[in-house]
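The numbers here are math on the coordinates, done by the rules we state, and not lab data. The model shown is predicted, which means the values in this text are computed figures rather than measured ones. A quick note on method: Cβ atoms are made from the backbone with ideal geometry, for glycine too, and the neighbour counts reach across all protein chains shown.
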Amino acid sequence: MIDSTLTVERRRSALPISPSPSAAESPNKHHPLPARSLRGTRSGWAMRLTYLTSDLIGISLALGASGICVAAAVGAWSLLTDPIALKLHLMLVVGLVFVAATVRTYSAVPPRPVRQFRGWVLGSATTCTVLVVGSSLLGAGSPAIYLALVLGTIVAILTASFLRAVCRIAFGASSWWGTRLIVVGTNCLSAKTFGELNREPQWGLRPVGFVADASTLDNADALDYLGPVAQLDDLAEELEVDWGLLVVHSFDAEETAELLSRTTGRITHWIVVPPLNQFPGLWLEACEAARQPALTITSRLRHGWSSPLKRAFDLSLTITLGLAALPLIALIALFIRLGSSGPVLYGQERIGRFGRRFKLWKFRTMLPDADAVLSRYLDEHPEAAAEWKANRKLRSDPRVTWVGRWLRSTSLDELPQVWNVIVGEMSLVGPRPIAAHEIDKYADRYGHYVQMLPGITGLWQVSGRSNTTYEERVALDVYYVQNWSLWLDIYILACTAKVVLLCEGAY
């Protein structure tokens with residue numbers, strides 16, 4: 001049985017949390033805790049096994065389907081039973097699983113998907129190339145077999161990535177998913193980090209509680225408080241935890257070393273979270289300088305090839321998809337004209353790169369007298385007025401037509417922005433295009449926004465969309481600019497397809 005079903009003793013004492021010790025009781029004495037169910041497993045083995053199983057299924061299905069397609073195309077069904085083809089396919093399966101392992105897909109703490117996806121694509125392509133070239137040089141196989149291997153690798157990259165995402169969606173909130181750990185920190189920082197990890201269990205970090213030498217905590221935080229740092233070893237033994245996440249509020253090396261020195265080594269693995277929330281973290285790398293631990297921070301946006309590469313990517317994909325979508329565009333235009341009077345397209349001035357103004361185009365989703373309708377509605381509904389003031393959006397917007405609701409839920413209202421991309425006013429992926437009145441809300445982070453072209457899609461659109469607060473949208477835009485790479489754009493586009501299909505967060 002999965003070990004997350006184990007129960008332990010846990011004390012839910014009243015505040016204050018760190019009472020003054022009496023003469024008869026040591027301040028470091030560990031008290032039993034009332035029973036509770038634990039989240040995650042000791043080494044994350046259940047999550048890791050799930051990823052391995054999904055990869056084996058996805059890779060096998062991809063290679064099998066590619067073999068059938070190539071055999072049908074060349075009319076040689078003997079390829080499916082050819083001993084050389086079977087051996088090469090088996091070697092490719094082993095090679096792709098090895099690649100997945102090297103990019104830490106099956107580790108107790110998997111990396112975030114963007115870095116993992118980059119390594120997965122490059123490693124898989126390299127493995128397939130080596131296998132095909134090596135077989136060709138040795139005279140093993142045939143062009144049809146090589147074609148099946150190449151096609152199978154491409155499909156396997158997509159299939160395995162999709163199945164991993166399905167695993168996170170299907171099992172991310174399960175009690176057995178992820179690696180069990182204890183959050184260690186000072187003041188209320190550990191409580192905050194604990195809450196943030198609990199909101200995203202699908203990424204594999206499952207905290208069972210936090211320890212901190214805090215004198216006061218909110219009652220809600222106290223429910224997950226395990227005790228002072230001095231009791232960490234006893235708690236780790238009792239809760240069967242091998243991983244600790246150390247979060248500190250400054251770069252003070254003495255503070256970090258002092259926290260670590262107060263444990264005798266029961267925690268085997270440490271994740272150290274320094275105060276780097278304003279730094280680009282996606283491509284942060286560990287290194288060493290002057291015989292000291294160090295970090296390398298690379299801004300890919302500053303490379304001379306970044307803008308031309310992003311522009312070439314935008315044009316190639318936009319023109320291809322735009323031409324394919326022409327029949328759909330014509331059909332939507334017809335529906336809009338049948339639904340209400342007024343123009344098919346709606347243009348609104350937005351702020352672009354370097355602060356330049358441009359007109360963003362959308363399919364019209366509102367009534368012709370939308371401003372007057374909104375004004376009357378806000379006067380009659382104070383709660384809606386507060387929602388509008390906070391987010392500049394309404395969940396039940398009276399201005400939206402019946403056709404417009406469908407277009408917004410599917411994001412098809414943004415199809416005309418393909419033209420904005422072609423003429424160079426927007427990008428496929430970028431910060432959310434803002435209006436002039438929103439500049440003040442960005443404050444000192446406006447400088448990040450104007451460094452890049454705004455995008456049709458972006459981190460905001462794949463991170464909850466209208467269900468996020470305005471402050472979270474600004475933070476997502478800043479994160480995108482600081483961590484930009486073409487791999488991040490590709491990942492966001494893949495996530496956009498999922499969001500659009502499921503109509504997540506759109507209104």
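Here are a few things to note about the model shown:
- Bridge orientation summary for the chain: considering DSSP beta bridges with both residues in this region, about 40 percent are antiparallel.
- Cα convex hull of the stretch 45-171, projected area averaged across orientations, nm²: 7.6
- Dipole in debye (nearest 20) - the stretch 45-171, about Cα centre, beta carbon charges: Lys, Arg +1; Asp, Glu -1: 540
- Cβ-placed point charges (K, R +1; D, E -1), dipole of the chain about Cα centre in debye, nearest 20: 1420
- Distance in nm between pseudo-label sites at V273 and A101 (7 Å out along the Cβ direction from Cα): 3.1
- Of the residues E240, E349, the one with the fewest other Cβ atoms within 10 Å heads the list, and the complete ranking is E349, E240.
- Lys/Arg +1, Asp/Glu -1 at C-beta; the chain dipole; positive extreme among V344, L235, V273: V344
- Relative contact order of the stretch 45-171, defined on C-alpha pairs under 8 angstrom at six or more residues apart (%): 45
- Across the stretch 281-440, the relative contact order, built from alpha-carbon pairs under 8 Å that are at least six residues apart, equals 24 percent.
- Helix-derived mean residue ellipticity, 222 nm - over the chain, DSSP H n ≥ 4, -39500 (n - 2.57), to 500: -15500 deg cm²/dmol
- Here H303, H89, H269 are placed in order of increasing Cβ neighbour count within 10 Å, fewest first, which gives H303, H269, H89.
- For W177, residues with placed amide H under 5 Å, excluding near neighbours: G40
- Fewest-first ranking of T193, T41, using other Cβ atoms within 10 Å as the exposure measure: T193, T41
- Relative contact order computed over the chain (Cα-Cα under 8 Å; 6+ residues apart), in percent: 12
- With the charge dipole of the chain set up from +1 on Lys and Arg Cβ and -1 on Asp and Glu Cβ about the Cα centre, the Cα lying farthest toward the positive end among the listed residues V500, G119, P368 is that of P368.
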